[in-house]
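The values are calculated or read from the model by the stated rules, or taken from the named source; none is laboratory data. Note that this is a predicted model, so its numbers are computed, not measured. Don't worry about glycine lacking a Cβ; one is built from the backbone with ideal geometry, like all the others, and counts go over all protein chains shown.
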Amino acid sequence: MSDTPLLTIAERPASPPSARDFRSDQEVRWCPGCGDYAILAAVQGFLPELGLRRENIVFVSGIGCSSRFPYYLDTYGMHSIHGRAPAIATGLAVSRPDLSVWVVTGDGDALSIGGNHLIHALRRNVNLKILLFNNRIYGLTKGQYSPTSETGKITKSTPEGSLDHPFNPVSLALGAEAGFVARTLDSDRKHLTSVLRAAAAHEGTALVEIYQNCNIFNDGAFERLKAPGTRDEHVLRLEHGAPMRYGPAGVRTVVRDPGGGLRPGAADDAAVVHDAHTSDPVPAFALSRLPEAGGPTPIGVFRSVRRPTYDGAVAEQGRRVRAARGPGSVADLLGGGDTWTVPAPFGSEAR
Amino acid sequence: MSQRVTSVSRVVIRFAGDSGDGMQLVGDRFTAQSTLFGNDVSTFPDFPAEIRAPGGTLPGVSAFQIQFADHSVSTPGDAADVLVAMNPAALRANLGGLPRGADVIVDTDEFTGRNLVKAGYPAGVSPLADGSLAGYRVHAVALTALTVGALRSFDLPRRDAERGRNMFALGLLSWMYHRPTEATVAFLREKFARRPELAAANVAAFTAGWNYGETTESFGGGYRVASAPREPGRYRTITGNRALAYGLIAAADRAGLPLFLGSYPITPASDILHELSRQRHFGVTTFQAEDEIAGIGAALGASFGGSLGVTTTSGPGLALKSETIGLAVSLELPLVIVDVQRGGPSTGLPTKTEQSDLLQALYGRNGESPVPVLAASSPGDCFGAAVEAVRIAVTYRTPVVLLSDGYLANGSEPWRVPEVDELPVIAPAFATGPNAVDADGTPCFQPYLRDPDTLARPWAVPGTPGLEHRVGGLEKADRTGEISYDAANHDHMVRTRRAKVDRIARGLPPLVVDDPGGRAEVLVLGWGSTAGPIAAACTEVRAAGGAVARAHLRHLDPFPADLGELLGRYRRVLVPEMNLGQLAGLLRARYPVDVESLTQVRGMPFKVAELRTAIEKVAADV
Ligand code: SF4
């Protein structure tokens, strides 16, 4: 078998593509007003920045409203089955390290039916960019509570209020050894684009939680974080190396809690400086729990730490074995081990 | 040596001991020696599901049966001529099936009061002393003591020295049957290359066993089993799992595709994962996934990217993969799903064999979801069946289920090593450019425009400029592949996917019928691993003057085009299966033939004698 990869890595495009080049001819079929439109526009606007040709980009999705995403991008794409996109994308990314592979998923797809695949993709650190649209509800099945819905949520399947305790996707990802974890908002195109940029630049699995409004079944779930009157009070914009301040004119601070976590501090307290690159996942985890401690909701990059990628390690191991053993010979493989020969009978033609 | 050597034409030996006694290794080595000598062989490892059941108990007994002969054999034999029992439990567990007159070799050192009780004998009773072995030729050998004595010059802890008794037993049996020993000596030196003192001790125990046979009077001059005539060629012994792994590698090589295995460990399929993991230099990537679903998901993702995606499993795992197989049917991408069947339902009998996943493989999915299904018929045939599965998957852009089973997976037989150029050429024929024109005349790519012959769709892999397209599990419009909920289109697509699988039959060779006299009125039709027992039973029926025809199915969907006509030629059709009649039911539904079903689900292959009786009964009734 030849030593060269099956497909040569395609070169960079001669003329830079535009957002229009990434738009497919399919009619977009989300509900009018759905937050998915804004995310789609932001992604289409961002993809030219990757500097890759369309044919070298693949979007893989599962099932749910968000998972229709690949149909609307003129790249290669697969709309797969519920929860399995990270597994499918893992096989693709490992076997084709020359591709840029993106996973689009939702809170039900990624955290309920597909929870196992998500945590294992993060642990392995396969070169995948996972965009998790979190609207805290099941949209496509028409309004049941999801694993990120708040306890007590009244939905069609929980008329008396849900009893489940929700996942915090950022905490979950950090617990699953994720090297890159970020959160952003569907409506803040600039912030969303900056997070996509950071995720794309990260080598390995990047998990981006995107708070997405489902205006049909869970309208206004993130309104506090978006409305001009409340957002400053409730959003902490993370910046690596910057002190964690929020509130109108940045008057509020985030400080260390003696119990080990983080909590809101007083205006004149020394704010903790955000370090997204520390190898210790504890600060990022504490940050992910800040709202539970009465603090604001952080958006931005919680953690961005490099460690060897799984697909890189697979390729490297393959190269090492081939260097040591040479390319395989099927004839030698089949005829290996203890063999014996039965001669042709005397006088007959030898094979 | 003046002792007389007795010539026999075939022998069945059953090596039995505790799971930790190394009986599988002894069996493997005896097999290798016998094939190198030129006998035909067929083997059957029979071990418990527990890794180490409590020592000395009945559930902990592990056995290895081998039949070797001066003629062609296709089964490991119904009953043993020689039982080697390393402890009381091994004797008790295997005495039931042993015909009177058989040789029984026991390690007397193990027949202590405690071990007898552990094996379930009443206190104070030893089968060596109570006359219950009357009618057997019992060879009471102090195997442990003799081994420890032979290894006295080695500076080994007593426990390690005792462990050499399996090699002593192998040496003794090798002497009894005049087996060549060089390969085993070389094997031991290589196996213990890092611990030369252990290598030397094992060789010494092996040699001591041989010498014991030669000096003791108890075994006469031993036996001679002449070599079996064979087609000229180069041979090796191979297990089904290894042959299957080699078939995948060879076929991927023929197709020029990198092989990607996504798999989750499961008995009895894991050895395929192990074998492929050792062959990275062939461009093989093995991915041990987090679960069965991820295993097939990753394989399908790799197929989308232009690799040959493969997943390996057993029945419970196949159940978990159903939804992804359905997606592969809808995506129409090459994918090979290997199911090494075991006893079911549920966890069932993990280490025992059965053929009860046929209907699951054919129908275990939602919707009309046709998947080609093939089955291997012998350990060596797992190679050819794997090549055929890859050929169909790649040529027709379809998932293919390849059925093996526990008996084939672990059993072994001599296998003629094929020349690489005997293997079929497999052409992936990736799409490289537009295949249609738009309404306005511009060239475009239609991912579901089909090849008129095979009905296969183009395989356009990411990285190919201009062919960007989206696929998914939603119903697709004919040709363009866009999402379509149109009723007429759905009807057309459902029928087309079925028709594509049916097209495979056009390229299949005619069925081979084995009916030497040409006058049989009874046909025995089998599939999968029943091939060996059926062939042996038919040979016996004919040797007794009867007439019977035999045919065997490799393709279960689609059936070969000439199957209906073949069934119609016989007055009676008997279908033996290790399930409750799954193929028989399919045949009755499909063809106007009243097939008769012969079934057993005991976790073991059919006994030749049972099959022979059943065939003769049907034949007598024609
Ligand atoms: S149901 Fe909600 S998430 Fe789904 S498309 Fe409509 S608004 Fe968007």
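For the stretch A:121-144, name all the residues that are outside any loop (DSSP other than H, G, I, E, B) and either under 12 Å from the mean Cα position of the chain (by Cα) or within 16 Å of the ligand (Cβ to nearest atom) (or both).
Within the stretch A:121-144, A:A121, A:L122, A:L128, A:K129, A:I130, A:L131, A:L132, A:F133, A:N134, A:Y138, A:Q144 qualify.
Does any residue of the stretch B:285-293 turn out to be assigned to a helix (DSSP H, G or I) and assigned by TED's automatic domain parsing to the domain that holds B:T347?
yes
Please count how many residues of the stretch A:140-160 are polar (S, T, N, Q) and out of contact with any Lys or Arg (no Cβ under 7 Å at 6 or more places or on another chain).
Result for the stretch A:140-160: 5.
Kindly indicate the residue of the stretch B:185-243 that is under 27 Å from the mean Cα position of the chain (by Cα) and in a strand (DSSP E or B) and also nearest to A:D338 (Cα to Cα) among those meeting that condition.
So, considering only residues that are under 27 Å from the mean Cα position of the chain (by Cα) and in a strand (DSSP E or B), the one nearest to A:D338 (Cα to Cα) is B:R236.
Scan the stretch B:470-500 residue by residue and report those that are β-branched (V, I, T) and in contact with a Leu (Cβ under 9 Å, 6 or more places away or on another chain).
B:V471, B:T480, B:I483, B:T496
So which of B:A145, B:A186 ends up being surrounded by fewer than 17 Cβ atoms within 10 Å (Cβ to Cβ), out of contact with any Cys (no Cβ under 7 Å at 6 or more places or on another chain) and farther than 17 Å from B:M86 by Cβ?
Exactly one of B:A145, B:A186 is surrounded by fewer than 17 Cβ atoms within 10 Å (Cβ to Cβ), out of contact with any Cys (no Cβ under 7 Å at 6 or more places or on another chain) and farther than 17 Å from B:M86 by Cβ, namely B:A186.
B:E323 is checked against (1) away from chain A (no Cβ under 14 Å); (2) at pLDDT 95 or above and fails just one. What number does that condition carry?
It fails just one condition, (1).
Taking the residues in the stretch A:296-334 that are of a type in the set (A, V, I, L, M, F, W, C) and in contact with a Leu (Cβ under 8 Å, 6 or more places away or on another chain) as candidates, determine which candidate is nearest to the other protein chains (Cβ to nearest Cβ).
A:F302
Residue-wise test of (1) over 30 Å from B:T398 (Cβ atoms); (2) crowded, with 18+ Cβ neighbours inside 10 Å; (3) at pLDDT below 95.
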residue	(1), (2), (3)
B:G481	no, yes, no
B:D514	yes, no, no
B:G517	yes, no, yes
B:T530	no, yes, no
B:P533	yes, yes, no
B:A536	yes, yes, no
B:G546	yes, no, no
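For a quick check of your reading: which helices (runs of 4 or more DSSP H) sit entirely within the stretch B:547-622 and have at least 1 residues that are in contact with a Gly (Cβ under 8 Å, 6 or more places away or on another chain) and touching a residue at least 60 places away in the same chain (Cβ under 8 Å)?
Helices (runs of 4 or more DSSP H) meeting the threshold: B:608-620.
Might you check whether a residue that is surrounded by fewer than 23 Cβ atoms within 10 Å (Cβ to Cβ) and more than 14 Å from chain B (Cβ to nearest Cβ) occurs anywhere in the stretch A:51-64?
The answer is yes, given that some residue of the stretch A:51-64 is surrounded by fewer than 23 Cβ atoms within 10 Å (Cβ to Cβ) and more than 14 Å from chain B (Cβ to nearest Cβ).
Just to verify a result, which residue in the stretch A:19-50, among those that are facing chain B (nearest Cβ under 10 Å) and either touching a Gly at 6+ places or on another chain (Cβ under 9 Å) or of a type in the set (F, W, Y) (or both), is nearest to B:C444 (Cα to Cα)?
Per the stated criteria, the residue is A:S24.
Tell me which residues, restricted to the stretch A:65-81, are away from the ligand (no atom under 16 Å from the Cβ) and either charged (D, E, K, R) or more than 7 Å from every other protein chain (Cβ to nearest Cβ) (or both).
Passing the criteria: A:L73, A:D74.
Surrounded by 12 or more Cβ atoms within 10 Å (Cβ to Cβ), under 21 Å from the mean Cα position of the chain (by Cα), away from chain B (no Cβ under 14 Å) and not hydrophobic (A, V, I, L, M, F, W, C), is that true of A:P291?
no
Conditions first: (1) surrounded by fewer than 22 Cβ atoms within 10 Å (Cβ to Cβ); (2) under 30 Å from B:R602 (Cβ atoms). B:L525 passes all but one, so which condition is the exception?
Tallying (1) surrounded by fewer than 22 Cβ atoms within 10 Å (Cβ to Cβ); (2) under 30 Å from B:R602 (Cβ atoms), B:L525 fails exactly one: (1).
Could you please tell me which pairs satisfy a Cβ distance under 7 Å, a separation of 6+ or placement on different chains, a first residue in the stretch A:326-351 that is within 30 Å of B:G256 (Cα to Cα), and a second residue that is crowded, with 16+ Cβ neighbours inside 10 Å and modelled with pLDDT under 80?
A:P327/A:M1; A:G328/A:M1
How do the helices (runs of 4 or more DSSP H) wholly within the stretch A:277-340 filter down when requiring 2 or more residues that are of a type in the set (S, T, N, Q) and at positive phi: which remain?
So the answer is none; nothing clears 2.
Condition check ((1) in contact (Cβ under 8 Å) with a residue 24 or more places away in the chain; (2) more than 30 Å from A:V314 (Cβ to Cβ)) across all residues:
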residue	(1), (2)
A:A198	yes, no
A:Y211	yes, yes
A:F217	yes, yes
A:A227	no, yes
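State whether the residues of the stretch B:327-349 include one that is outside the structural domain of B:P48 (by TED's automatic domain parsing), crowded, with 24+ Cβ neighbours inside 10 Å and hydroxyl-bearing (S, T, Y).
Checked the stretch B:327-349: no residue is outside the structural domain of B:P48 (by TED's automatic domain parsing), crowded, with 24+ Cβ neighbours inside 10 Å and hydroxyl-bearing (S, T, Y).
Are any of the residues in the stretch A:86-103 within 16 Å of the ligand (Cβ to nearest atom), under 12 Å from the mean Cα position of the chain (by Cα) and within 14 Å of chain B (Cβ to nearest Cβ)?
No, that holds for no residue.
Give just the number: which of (1) part of a strand (DSSP E or B); (2) more than 10 Å from chain A (Cβ to nearest Cβ) does B:F260 not satisfy?
(2)
Wholly within the stretch B:17-135, which helices (runs of 4 or more DSSP H) include no fewer than the required count, namely at least 2 residues that are free of Cβ contacts under 8 Å to residues at least 12 places away in the same chain and assigned by TED's automatic domain parsing to the domain that holds B:W415?
none
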